[in-house]
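Written out below as structure tokens is the structure these notes cover.
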Amino acid sequence: MDETLWRREPGVSRLKSAHPWPPMVHPFINIASFYLGWFACLLGATRNMPWLGVLVMAAVLVLHLALTENRIQELRFILVTGLLGTCLDSLLMLSGLYTFPNHALAWLCPVWLTTLWMGFASTLNHAMRWLHGRYGLASFFGALGGPLSYYAGDRLGALTFVPAAGVTLTALALVWSLVVPGLLWLAHTMTLRSPPVNPAGR
């Protein structure tokens, strides 16, 4: 039995599953576990328990890496995305688009949001791999899905829009129309083009 989760297509990440499962099993686990972590992050923030989302998303990422063959490449990409996302959300917070209740640091976004970025990164080579190379479509989905995620956070109380919702959502749509294709390009660059590890050390 072929132990790869899917066959690599031109321009698509070569990251593979570490288990000989049917083709849709890992992507389904990947997206379902991400949304579990996403909900835990928002719920923890609204209940003043930010550690809840951090712990759940950490467990999600451990599971994800356990199911991924090229763990080093994937972990490197996840960490870089977490750092970039933290910088971006901190800048957007400082720009006055939104605030985070019960968050003491005025210059840095909450840790649960960093883990949310890391969880999102874990989907880009797996559940969302079909968007690789389709940057126009990725921009459309980013402009739609990014603001909706923040809007859900605002409605649940995890964050608060400072300007009118329409202003904030429009700004977020512009930002996320660039974020998603940019991260897909980065995922392609850091994984597909990374040289394979030589087990013999040669």
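Each value in this text was obtained by applying a stated rule to the coordinates, not by laboratory testing. What you see is a predicted model; the values in this text were computed from it and never measured. All Cβ positions, glycine included, derive from the backbone under ideal geometry; neighbour counts span all protein chains shown.
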(message) Quick check on the exposure proxy: order I31, I72, I78 from fewest to most C-beta atoms within 10 angstrom.
(response) I72, I31, I78
(message) Only counting other Cβ atoms within 10 Å, I'd like E69, E74 sorted with the fewest neighbours first.
(response) E69, E74
(request) For region 162-170, take each phi angle, set θ = phi - 60°, evaluate the Karplus expression 6.51 cos²θ - 1.76 cosθ + 1.60, and give the result in whole Hz per residue in order, putting x for glycine and proline. (result) 8, x, 4, 4, x, 5, 5, 5, 5
(request) Work out the length of the dipole vector of region 25-192 about its Cα centre, built from +1 on the beta-carbon of each Lys and Arg and -1 on the beta-carbon of each Asp and Glu, and round it to the nearest 20 debye. (result) 100 debye
(message) Give me Y98, Y151 sorted ascending by neighbouring Cβ count inside 10 Å, so fewest comes first.
(response) Y151, Y98
(request) Please name whichever of G37, H64, V80 sits farthest to the positive end of the charge dipole of region 25-192, dipole taken about the Cα centre and charges placed at Cβ: Lys and Arg +1, Asp and Glu -1. (result) H64
(message) What's the ranking of 170-179, 157-166 by average number of surrounding C-beta atoms within 10 Å, highest first?
(response) 170-179, 157-166
(request) Provide the per-residue ³J(HN,Hα) series for region 50-67, in order, calculated from phi with Karplus coefficients 6.51, -1.76, 1.60 and θ = phi - 60°, each as a whole number of Hz, with x at glycine and proline positions. (result) x, 5, 4, x, 4, 5, 5, 5, 4, 5, 4, 5, 4, 4, 4, 5, 5, 8
(request) Show the residues, 5+ positions off or on another chain, whose built amide H is closer than 5 Å to the amide H of T68. (result) A18
(request) Would you work out which of W185, C109, P163 lies farthest towards the positive end of the dipole of region 25-192, given +1 charges on the beta-carbon of Lys and Arg and -1 on that of Asp and Glu, about the Cα centre? (result) W185
